[in-house]
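Notes to accompany the following structure.
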Amino acid sequence: MNILSNPHQLQEISTQLKKDQVSIGFVPTMGYLHEGHRALLKKAREQNDVVIMSVFVNPLQFGPNEDLESYPRDFEHDKQVAIEEGVDYLFHPSEEEMYPEPMSVIVKVERRTNCLCGRSRPGHFDGVATVLTKLFHLVQPTNVYFGKKDAQQVAIVDGLIENFHFPINLVAVNTVREEDGLAKSSRNIRLTPTERQEAGILYKSLSFARAELIKGTDNLEILKKHVVELIERESSGKVDYFEILSYPQLENVKQLTGEIIIAIAVQFSKARLIDNIIFKI
């Protein structure tokens with residue numbers, strides 16, 4: 001496995017791989033890898049000749065009151081995971097290498113952001129879209145891999161690829177879960193033992209809501225109220241949002257047909273957990 005930090009060197013390698021008609025699978029991450037990331041890497045390894053993974057904690061997507069400095073990092077662990085999963089090139093740039101000077105152009109995301117996590121994190125997805133635009137030009141991937149756990153991010157990446165005509169295939173990989181259904185996340189380590197026991201209620205509540213919708217429940221406000229009460233009764237968490245939207249458009253549902261996302265965010269004492277289920281009716 002080759003470890004790179006220079007963006008120009010990565011772009012030169014990718015350009016040659018494209019000339020050689022080699023398929024490139026790209027997994028962009030912010031590191032502190034867990035089983036969810038392994039699932040992305042396994043899928044990329046299955047589907048491509050070469051796998052490139054980036055580990056970069058992107059400052060552009062953190063707000064002024066968010067946890068950039070405290071974001072968990074363990075590059076030695078990430079490097080070992082990359083080796084075990086067959087990554088060919090691991091791109092690990094410094095902030096100075098990615099942003100040698102203040103950006104003169106920032107990608108502005110106009111749609112699919114005024115809901116879910118985007119509502120409480122203004123500018124977050126602008127930072128995501130900007131760094132991905134840089135990375136897509138550097139890596140020139142055939143396929144790019146994201147987890148469905150961050151479904152709003154997947155929807156925005158879908159729009160980025162479509163609107164800017166990137167010749168990239170987006171592969172959304174199913175969420176990896178613990179035995180009780182809790183979605184694997186680097187933020188789970190911040191849960192207290194009691195909160196960890198309670199956190200399984202997120203997936204149970206999503207599954208309940210999906211079953212109700214499939215059965216034909218059409219009063220969404222009553223369903224939302226019931227689910228919020230259930231979570232706050234069965235855990236110490238406070239529901240930030242519980243939404244039922246079209247996917248990937250992320251618009252209010254007028255008719256319960258087509259692809260639907262049920263998404264939730266719950267704030268515990270030191271961790272804010274998100275989860276979702278995407279399905280067709």
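Each value in this text was obtained by applying a stated rule to the coordinates, not by laboratory testing. Every value quoted in this text rests on a predicted model; they were computed, and no experiment measured them. Please note: Cβ atoms are built from the backbone with ideal geometry, for glycine as well, and neighbour counts cover all protein chains shown.
Along the Cα-to-C-beta direction of E96, a point sits 7 Å from the Cα; which residues of the range 129-168 have their amide N less than 18 Å from that point?
none
Could you give the semi-axes, largest first, of the ellipsoid that matches the chain, computed as the square roots of 5 times the alpha carbon gyration tensor eigenvalues and rounded to whole Å?
Working: eigenvalues 217, 85, 67 Å².
Equivalent-ellipsoid dimensions as semi-axes: 33, 21, 18 Å.
Provide the per-residue ³J(HN,Hα) series for the range 167-181, in order, calculated from phi with Karplus coefficients 6.51, -1.76, 1.60 and θ = phi - 60°, each as a whole number of Hz, with x at glycine and proline positions.
Couplings: x, 10, 9, 8, 10, 9, 9, 4, 5, 8, 10, 6, 4, 8, x Hz.
Please tell me which of these pairs span more than 28 angstrom C-alpha to C-alpha: K79/K108; K43/K224; K43/K134? Numbers along the way, then the final one.
Values: K79/K108 32 Å; K43/K224 34 Å; K43/K134 23 Å.
In this structure, K79/K108; K43/K224 lie more than 28 Å apart at Cα.
Tell me which lysines have Cα within less than 17 Å of K270's Cα, excluding those fewer than 8 residues away on the same chain?
Partners within reach: K184, K238.
Using the Kirkwood formula on the Cα atoms of the range 1-111, what hydrodynamic radius do you get, in angstrom to one decimal? Please report the intermediate quantities before stating the final value.
On the way: mean 1/r = 0.0655 Å⁻¹.
With all distinct Cα pairs of the range 1-111 included, I get 15.3 Å.
Quote the FRET efficiency, to the nearest 0.05, computed for I189 versus R45 with a Förster distance R0 of 25 Å and r equal to the Cβ-Cβ distance. Working shown, then result.
Values: r = 26 Å, r/R0 = 1.05.
Efficiency, from the Cβ-Cβ distance: 0.40.
For the range 155-190 and the range 231-281, what is the separation of their Cα centres, given in Å?
15
What are the radius of gyration and Dmax of the range 67-186, computed over its Cα atoms and given in Å?
Cα only, the range 67-186: 15.7, 46 Å (Rg, Dmax).
Pull up all non-local amide H partners of F56: gap of 5 or more, or a different chain, and H-to-H distance under 5 Å with H placed in the peptide plane.
Amide H to amide H, under 5 Å and 5 or more residues apart or across chains, F56 pairs with T29, M30, G31.
Could you tell me the calculated FRET efficiency between Q9 and Q80, based on Cβ-Cβ distance and R0 = 25 angstrom, to the nearest 0.05?
Working: r = 23 Å, r/R0 = 0.91.
Computed FRET efficiency for Q9 and Q80: 0.65.
Using a simple spin-label model with points 7 Å from Cα along the Cα→Cβ vector, what separation in nm is obtained for E259 and M1?
Spacing of the two 7 Å Cα→Cβ label points: 3.1 nm.
Please report the antiparallel percentage of the DSSP beta bridges confined to the chain, to the nearest 5.
Working: 19 of 38 bridges.
Beta bridges within the chain, antiparallel portion: roughly 50 percent.
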